[in-house]
Amino acid sequence: MAIDQVDTTERLRHLRELMRQKKVDIYIVPSQDAHSSEYIAPTDARREFISGFSGSAGTAVITHDKAALATDGRYFNQASKQLDSNWTLLKQGLQDVPTWQEWTVDEAADGKLGLTVGVDPTLFTSTEARKLHKGIEKKGGKGLVAIADNLVDQVWAKQKPARPNEAVNVLGQDYAGKKFQDKIEELRKELDKRKAAGFVVSMLDEVAWLFNLRGNDIPYNPVFFSYALITPTIATLYIDETKLKDNAKAHLMGVNIRPYDAIFSDIAALAKDEPSTNGTTSTPKQKYLMSTAASWALSQALGGEDKVDEVRSLIAEAKAVKNATELEGMRQCHIRDGAALIEYFAWLEEELIQKKSAIDEVQGADKLEQIRQKHEKFVGLSFDTISSTGANAAVIHYKPEPGNCSTIDPNKIYLCDSGAQYLDGTTDTTRTLHFGEPTPMEREAYTLVLKGHIALDLAVFPKGTSGFSIDALARQYLWSNGLEYRHGTGHGVGSYLNVHEGPIGIGQRVQYAEVPLAAGNVISNEPGYYEDGNFGVRIENLFMVREVETKHRFGDKPYLGFEHVTMVPMCRKLIDVGLLTGREVDWLNEYHKEVWEKTARYFEKDERSKKWLERECAPYAAS
């Protein structure tokens, strides 16, 4: 399947003209928006516009005669196809390939006088800016400068999508499990403990969680453009007030509402120890706290290091530990979502095998969404469905496009990674299937991935263990056969919020060592294996961290394990039972028994789906 390229020649010419006007030699275009969002609104897709690369992760660096795009292993395949001849692809993580920061520093050191690097300060964190500035100066460059008016926006001009202005909805306590006033009081206790003047909330999902509100400004993520400032006495929500209907205004009684952009003038007043428009002041000795993910522009407005302490967000860890209501919501929405996937796979198999229908990847994804829509409390998808056949399954974050996708081949692997937003939770499930006869390598790869998935599901570990520490459990069987995958093993998941949620994760990134897993976390378990141009395998369940009973209790420390909530069978055709241990076969039988018991009731009038489920959940003989 061909992936269309965008000719970026004219866009780069215009950008370079603006760079000369601003006396900037190098300009950096990151993927994120002003809130460090992973998924962004179309209006913030600057890096995609300037480079033509549409993946969710990457950084573009443009000089007057070069352009580089850096991305990680999930997107090597996609980026190599989408980038035109103006661009150099920097494959991050590969030996002898510079990071985009190293590439930038080297370019900035070019020439006797050194070069100037420009960035939009709302799109960089203070930490990123400081580190890059020092690196540039150390190598002889002039340093990093903040360019207030985004240069890509000026190139984009009239074609740039407008900023979304969708209505904000109240999330009832039946789903949130805790009043927003209680969340704010808990946050204030933390401020008091740290002797802080206040906390600037910049991440969109953190604002949504804190105030028990949900929006629709970013596709698939139920968030809305906003900031918040919480002090010991005042809670201020910065938002376009037209987004708040009567019920939302009533819900926010007692909260100070200010225009979205007023955050900068308000905190600038605080930096001068003057009363701000919202009436907040601070004592000279107190500092304001700001997430390390907050923008350089926010930090500058508040006075920089003299006025700001950058910390791991006070909200992120609280949000990641779900309460009992949220956990039960996760269990229930995954049963309904599992029923939708089962119905879809049964339908797809009949269409491909019995009816010999030609179903393309987009038609498959659309059918799955239609089935999900029938289920209670469905709101929308949680990300673009990855519906991929054959070689496309090896593109880790593949997105099929209408008119530019492949027909699903029943004689090749089919990988479907999809999820949905429900009022009571967020789902993310990957299943790899085969409707014909798999090759020995496909079965081996699938079974090795399954073994790693089971090993992680069965893991028991002491409280205080991080996702970094247990990542190898999922990779061990692939490693022992000389195989590997270039993505994390697990990411945190929000409760009717972002499908990717920090600060926890399972993987080899150093940040996954910083925050231990805790009871109440919801996280994915998704090892995989990919052969470019051939096939891909990924198996993903979501599970919840919980305390478990152990025979002993060394150091009187609690031990933790997992409770899986995803309810979709594994693919029988791809499992080589001879590679499984007795305990792994037992796990598979127990899992399929649970899937059957929780989802079969949805198919009392659907014989096709019921027969498919019964076949896939049939127990394996004990070894």
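The values are calculated or read from the model by the stated rules, or taken from the named source; none is laboratory data. From a predicted model like this one, the values you see are computed outputs, not experimental measurements. Don't worry about glycine lacking a Cβ; one is built from the backbone with ideal geometry, like all the others, and counts go over all protein chains shown.
Output the number of the condition that residue 554 fails; it satisfies all remaining conditions of (1) in contact (Cβ under 8 Å) with a residue 24 or more places away in the chain; (2) in contact with a strand residue (DSSP E or B) (Cβ under 6 Å, 6 or more places away or on another chain).
With respect to (1) in contact (Cβ under 8 Å) with a residue 24 or more places away in the chain; (2) in contact with a strand residue (DSSP E or B) (Cβ under 6 Å, 6 or more places away or on another chain), residue 554 is out only on (2).
Kindly indicate whether residue 106 is in a loop (DSSP other than H, G, I, E, B), in contact (Cβ under 8 Å) with a residue 24 or more places away in the chain and either charged (D, E, K, R) or in the same structural domain as residue 396 (by TED's automatic domain parsing) (or both).
On the way: in a loop (DSSP other than H, G, I, E, B): no; in contact (Cβ under 8 Å) with a residue 24 or more places away in the chain: yes; either charged (D, E, K, R) or in the same structural domain as residue 396 (by TED's automatic domain parsing) (or both): yes.
For residue 106, the condition - in a loop (DSSP other than H, G, I, E, B), in contact (Cβ under 8 Å) with a residue 24 or more places away in the chain and either charged (D, E, K, R) or in the same structural domain as residue 396 (by TED's automatic domain parsing) (or both) - is not met.
Can you tell me how many residues in the range 386-415 are crowded, with 24+ Cβ neighbours inside 10 Å and under 20 Å from residue 492 (Cα atoms)?
1
Output the number of residues of the range 311-346 satisfying the condition of being of a type outside the set (S, T, N, Q) and farther than 30 Å from residue 298 by Cβ.
20
From the set of residues in the range 217-258 that are hydroxyl-bearing (Ser, Thr, Tyr) and more than 26 Å from residue 289 (Cβ to Cβ), which is nearest to the chain's Cα centre (by Cα)?
Of the range 217-258, the ones hydroxyl-bearing (Ser, Thr, Tyr) are 220, 226-227, 231, 233, 236, 238, 242.
Still in the list and also more than 26 Å from residue 289 (Cβ to Cβ): 220, 242.
On the way: 220: 11, 242: 28 Å.
Here the residue is 220.
Considering only the range 80-103, how many residues are assigned to a loop (DSSP other than H, G, I, E, B), under 11 Å from residue 67 (Cα atoms) and free of Cβ contacts under 8 Å to residues at least 24 places away in the same chain? Spell out the reasoning first.
Looking only at the range 80-103, we keep the residues that are assigned to a loop (DSSP other than H, G, I, E, B), and these are 83-87, 92-99.
Subset that is under 11 Å from residue 67 (Cα atoms): 83-87.
Restricting the remaining residues to those that are free of Cβ contacts under 8 Å to residues at least 24 places away in the same chain gives 85.
Summing the residues that are assigned to a loop (DSSP other than H, G, I, E, B), under 11 Å from residue 67 (Cα atoms) and free of Cβ contacts under 8 Å to residues at least 24 places away in the same chain in the range 80-103 gives 1.
Scanning for something surrounded by fewer than 20 Cβ atoms within 10 Å (Cβ to Cβ), under 23 Å from the mean Cα position of the chain (by Cα) and charged (D, E, K, R), does the range 286-307 turn up at least one residue?
no
Provide a single number: the residues in the range 38-80 that are among the small types (Gly, Ala, Ser), under 16 Å from residue 220 (Cβ atoms) and either surrounded by fewer than 22 Cβ atoms within 10 Å (Cβ to Cβ) or out of contact with any helix residue (DSSP H, G or I) (no Cβ under 7 Å at 6 or more places or on another chain) (or both).
Residues of the range 38-80 that are among the small types (Gly, Ala, Ser), as a first pass: 41, 45, 51-52, 54-58, 60, 67-68, 70, 73, 79-80.
Next, only the ones that are under 16 Å from residue 220 (Cβ atoms) stay: 41, 45, 54-57.
Next, from what is left, pick out any that are either surrounded by fewer than 22 Cβ atoms within 10 Å (Cβ to Cβ) or out of contact with any helix residue (DSSP H, G or I) (no Cβ under 7 Å at 6 or more places or on another chain) (or both): 41, 45, 54, 56-57.
Of the residues in that region, 5 qualify.
Tally time: how many residues in the range 210-220 are more than 18 Å from residue 322 (Cα to Cα) and in a strand (DSSP E or B)?
Taking the range 210-220 and keeping what is more than 18 Å from residue 322 (Cα to Cα), we get 215-220.
Imposing the further condition that a residue be in a strand (DSSP E or B) reduces the set to 218.
Residues in the range 210-220 being more than 18 Å from residue 322 (Cα to Cα) and in a strand (DSSP E or B): 1 in total.
Considering only residues of the range 94-132 that are in contact with a Gly (Cβ under 6 Å, 6 or more places away or on another chain) and small (Gly, Ala, Ser), which is nearest to residue 12 (Cα to Cα)? Spell out how you get there, then give the answer.
Start the filter on the range 94-132 by keeping residues that are in contact with a Gly (Cβ under 6 Å, 6 or more places away or on another chain), which leaves 105, 108-109, 114-115.
Filter once more, so that each one left must be small (Gly, Ala, Ser): 108-109, 114.
Working: 108: 18, 109: 22, 114: 22 Å.
Looking at the filtered set, the residue picked out is 108.
Each row is one residue, and each column tells you yes or no for (1) without any contact (Cβ under 8 Å) to a residue 40 or more places away in the chain; (2) not in a loop (DSSP other than H, G, I, E, B).
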site: 7; (1), (2): no, no
site: 17; (1), (2): yes, yes
site: 20; (1), (2): no, yes
site: 28; (1), (2): no, yes
site: 37; (1), (2): no, no
site: 57; (1), (2): yes, no
site: 62; (1), (2): no, yes
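Given 447, 432, which one is in the same structural domain as residue 520 (by TED's automatic domain parsing), assigned to a helix (DSSP H, G or I) and either more than 19 Å from the chain's Cα centre (by Cα) or surrounded by fewer than 18 Cβ atoms within 10 Å (Cβ to Cβ) (or both)?
447
Please enumerate the residues belonging to the range 563-596 that are in contact with a helix residue (DSSP H, G or I) (Cβ under 6 Å, 6 or more places away or on another chain), of a type in the set (A, V, I, L, M, F, W, C) and more than 16 Å from residue 477 (Cβ to Cβ).
Passing the criteria: 565, 567, 568.
Would you mind telling me which numbered condition in (1) buried (at least 16 other Cβ atoms within 10 Å of the Cβ); (2) among the hydrophobic types (A, V, I, L, M, F, W, C); (3) over 27 Å from residue 326 (Cβ atoms); (4) modelled with pLDDT of 95 or more residue 146 fails?
Looking at each condition in turn, residue 146 falls short on (1).
Which numbered condition in (1) without any contact (Cβ under 8 Å) to a residue 40 or more places away in the chain; (2) over 23 Å from residue 343 (Cβ atoms) is the only one that residue 448 fails?
(1)
In the set 577, 510, which member is surrounded by fewer than 20 Cβ atoms within 10 Å (Cβ to Cβ) and closer than 30 Å to residue 79 by Cα?
Values: 577 fails: closer than 30 Å to residue 79 by Cα.
Matching residue, one of 577, 510: 510.
I need the full set of residues from the range 304-351 which are of a type in the set (Val, Ile, Thr) and in a helix (DSSP H, G or I), in order please. I'd like the intermediate steps shown before the answer.
To start, the set of residues in the range 304-351 that are of a type in the set (Val, Ile, Thr) comprises 308, 311, 315, 321, 325, 335, 342.
Residues satisfying the conditions are 325, 335, 342.
Could you grab me the full set of residues in the range 64-75 that are in contact (Cβ under 8 Å) with a residue 40 or more places away in the chain and over 22 Å from residue 115 (Cβ atoms)?
Going residue by residue through the range 64-75, those that are in contact (Cβ under 8 Å) with a residue 40 or more places away in the chain are 64, 66-67, 72-75.
Hits for the range 64-75 are 72, 73, 74, 75.
Anything in the range 109-123 that is modelled with pLDDT under 95 and either farther than 19 Å from residue 147 by Cα or part of a loop (DSSP other than H, G, I, E, B) (or both)? List them, or say none.
109, 110, 111, 112, 113, 114, 115
Tally the residues that are under 28 Å from residue 331 (Cα atoms) and part of a loop (DSSP other than H, G, I, E, B), restricting the search to the range 562-579. Please lay out each step first, then the result.
In the first step, residues of the range 562-579 are kept if they are under 28 Å from residue 331 (Cα atoms); the result is 562-575.
Filter again for part of a loop (DSSP other than H, G, I, E, B), leaving 565-571, 575.
Result for the range 562-579: 8.
Taking the residues in the range 451-473 that are touching a strand residue (DSSP E or B) at 6+ places or on another chain (Cβ under 7 Å) and part of a helix (DSSP H, G or I) as candidates, determine which candidate is surrounded by the most Cβ atoms within 10 Å (Cβ to Cβ). Spell out how you get there, then give the answer.
From the range 451-473, those touching a strand residue (DSSP E or B) at 6+ places or on another chain (Cβ under 7 Å) are 453, 456-457, 459-467, 470-471; that's our starting set.
Subset that is part of a helix (DSSP H, G or I): 453, 456-457, 467, 470-471.
Numbers: 453: 26, 456: 26, 457: 18, 467: 29, 470: 19, 471: 23.
Among those residues, the one meeting the criterion is 467.
Whether any residue in the range 314-331 is among the hydroxyl-bearing types (Ser, Thr, Tyr), at pLDDT 95 or above and under 28 Å from residue 195 (Cα atoms) is what I want to check.
Going through the range 314-331, the residues among the hydroxyl-bearing types (Ser, Thr, Tyr) turn out to be 325.
Imposing the further condition that a residue be at pLDDT 95 or above reduces the set to 325.
Subsequent filtering for residues that are under 28 Å from residue 195 (Cα atoms) retains none.
No: the range 314-331 contains no residue that is among the hydroxyl-bearing types (Ser, Thr, Tyr), at pLDDT 95 or above and under 28 Å from residue 195 (Cα atoms).
So if I check each of 235, 262, which one is crowded, with 21+ Cβ neighbours inside 10 Å and modelled with pLDDT of 95 or more?
235
Being in a strand (DSSP E or B) and within 20 Å of the chain's Cα centre (by Cα) is the filter; apply it to the range 538-554 and report the residue that is surrounded by the most Cβ atoms within 10 Å (Cβ to Cβ). Write out each step before concluding.
Of the residues in the range 538-554, the ones in a strand (DSSP E or B) are 538, 540-548.
So of that shortlist, the ones also within 20 Å of the chain's Cα centre (by Cα) come out as 538, 540-545.
On the way: 538: 24, 540: 23, 541: 24, 542: 28, 543: 21, 544: 20, 545: 25.
Taking the candidates together, the pick is 542.
Would you call residue 611 part of a loop (DSSP other than H, G, I, E, B), of a type in the set (D, E, K, R) and more than 32 Å from the chain's Cα centre (by Cα)? Before the answer, list the steps.
Numbers: part of a loop (DSSP other than H, G, I, E, B): no; of a type in the set (D, E, K, R): yes; more than 32 Å from the chain's Cα centre (by Cα): yes.
In short, no.
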